[in-house]
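Heads up: the structure comes next, in structure tokens.
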Amino acid sequence: MTDAGTPSDPGDAPLPEVGDPMPPIDFTTFVLSLSSTALVHLGVHAAPGGPSPGEPSLALARQTIELLTLVRDKTHGNLTGEEERLLDQVLHDLRLRFIQLAGPR
């Protein structure tokens, strides 16, 4: 920070508000955002602004599921019971959907 109270590094400056107000970012919205992204990649939901769900991209879906798994592993022991249940439920649902689409190997 400079003496005037402004960030000395522009990368530390708060981002300006744009568009509609969004809910505050917390662990739940972070997990649900990644979950929504995975569902788009699985072809379950349309991408934002898209007319309908697109073709599944299993590689991108797998990557997003692996990101959520990494988050679960790195936050082990630091989550509330509710956050842990949410993350486990999201991972369970996404893995089942992935396996259904990928089929037996």
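Could you state, as a whole-number percent, how many of the C-alpha pairs of the chain are farther apart than 17 Å? Pairs farther apart than 17 Å: 63 percent. A simple count of charges around Leu34, restricted to other residues whose Cβ falls under 15 Å of its Cβ and scoring Lys, Arg +1 and Asp, Glu -1, yields -1. Each of Pro51, His76, Thr29 was scored by the projection of its Cα onto the charge dipole of the chain, and the greatest displacement toward the positive side belongs to Pro51; charges sit on the C-beta of Lys, Arg, Asp and Glu. A straight chain from His76 to Arg95 at 0.36 nm per residue would run longer than the Cα-Cα distance by 4.9 nm.
Ranked by the mean number of other Cβ atoms within 10 Å of their residues, highest first, the peptides 74-86, 14-26, 36-48, 56-68 fall in the order 36-48, 56-68, 74-86, 14-26. Taken along its principal axes, the alpha carbon cloud of the stretch 56-105 reaches lengths of 34, 17, 15 Å, longest axis first. With contacts taken as Cα pairs under 8 Å at a separation of at least 6 residues, the chain carries a relative contact order of 22 percent. Using 0.36 nm per residue, how much length does the chain from Ala47 to Phe30 gain when fully extended, once their Cα-Cα distance is taken away? The Ala47-Phe30 span can extend by a further 4.4 nm. Electrostatic tally near Asp88: other residues with Cβ closer than 14 Å to its Cβ, Lys and Arg +1, Asp and Glu -1, net -2. When the helix-only estimate is applied to the chain (DSSP H runs of n ≥ 4, each -39,500 (n - 2.57), divided by the residue count), what is the mean residue ellipticity at 222 nm, nearest 500 deg cm²/dmol? The per-residue figure over the chain is -17500 deg cm²/dmol. Full extension of the chain segment joining Glu84 with Leu67 gains 4.6 nm, where the gain is 0.36 nm per residue of separation less the Cα-Cα distance.
Since every read-out is calculated from the coordinates, none of them should be taken as a lab result. Since the structure is predicted, the reported quantities are computational estimates derived from the model, not experimental observations. Cβ coordinates were reconstructed from backbone atoms using ideal geometry, including for glycine residues, and neighbour counts include every protein chain displayed.
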